[in-house]
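The next block holds one structure in the form of structure tokens; read it before the comments.
Since every read-out is calculated from the coordinates, none of them should be taken as a lab result. Keep in mind the model is a prediction, meaning the values are calculated, not measured. Counting neighbours? That spans all protein chains shown, and the Cβs are built from the backbone with ideal geometry, glycine included.
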Amino acid sequence: MAIEGFDYKEFAESLAAQADELVPVNFEDFQKAYVSNTIKNFATLSAEAIFNDDKANFNAEQAMLITQIIAEWSFHKSVDLIRSGILPDYWDGVMQKIAFTIFEISKQAISKGLPQDEILQIVEHHVKKSYEKALEELEERKIIDKVIFESAMHQSNIDEMMKQIHDDKDDETGEAGLNQTDMQSNSKILKLASVALLLKQVSQDKVHTILNKFSSEDAQAVIQYMQMPDLEQKVDKNIAIKCLQEIRINLPEPKQVNPNKILAKINKVFENVPKEKIEKVIVKERPNVKEFITKAREGEYAKMPSKVANIIAQHLEESVS
């Protein structure tokens, strides 16, 4: 029996339209479309299932509550996925697991007559569990690595929105102060986009090694820029080169590294990696590098500046990992 007063198609479209105004402005068009379509599809599917469910006996208010919960969480988690750095090919799989969880949990909670606040708390708990489990499955399948997993786990658009509301209320910054902040922000965005442009030319394992040296927030931004299909058109290459040069100039000088630590680092590589694999890497190196690694293996520190020696040790580690 259909639910009187519940036009599920119109309601689902209305929720999707409301969400369109809240999608982050820095998202690409395909990302904005994904958020909007995800909300509309999941809201429509769940609302239709409730509308045609003769056993549940939900009224219009209860049906709208379930649909709204699914739409809201579809919005927040699709935004989180986009920001996480996970490739678009895998967004649907994660979102389907979350939507199914919300649908079943909210139906059960409403059927038990629980108050709305308690229903929302229960759903939130299960959304987080479902999201984490979906990410763990992607990590187990080697689709994402630990860096992306941690980035995805720390996303919380719902917390971001609450923080923004709070900041907007307390913000008494003058116009001049805002302009200065905007200038600093734009400069940082351009630098991170320039790094992304460079990393698009680098192998995936090198990308992860480099991003590990960034803060989680900056690494996430770089990953998001790397996903832009037209990044090369949006960032002028000459400006990007200047930005990268500025980053290089402002990098702190590395401290002197203890030779014993360098020797220990190289010996650890020889202990944990098959000799044949190491030899394949060393054979391609310059004679002085080969000599340094060979002597280090024997416990002897060949004459070489510690900065250079540390770079060689790091390169050896990364090449055989």
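Take the Cα of Asn260, step 7 Å toward its Cβ, do the same at Lys284, and the gap between the two points is 3.4 nm.
List, in the order given, every pair from Lys133/Lys277; Lys142/Lys268; Lys129/Lys200; Lys107/Lys129 whose Cα-Cα distance in the structure shown is over 27 Å.
Details: Lys133/Lys277 35 Å; Lys142/Lys268 25 Å; Lys129/Lys200 33 Å; Lys107/Lys129 18 Å.
Those over the limit are Lys133/Lys277; Lys129/Lys200.
Shape descriptor for the stretch 259-320: Rg over Rh equals 0.91 (Cα atoms; Rh from the Kirkwood inverse mean 1/r).
Spin-label model, Glu21/Glu104: points 7 Å from Cα along the beta carbon direction are separated by 3.6 nm.
A DSSP coil position with no more than 11 other Cβ atoms inside 10 Å describes the following trypsin sites (Lys or Arg not before Pro) in the stretch 1-76: Lys55. The alpha carbon convex hull volume per residue for the stretch 8-167 rounds to 120 Å³.
Between Lys55 and Phe270, 0.36 nm times their residue separation minus their Cα-Cα distance comes to what?
Values: separation 215, 0.36 × 215 = 77.40 nm, distance 6.60 nm.
Working it through step by step, the gained length comes to 70.8 nm.
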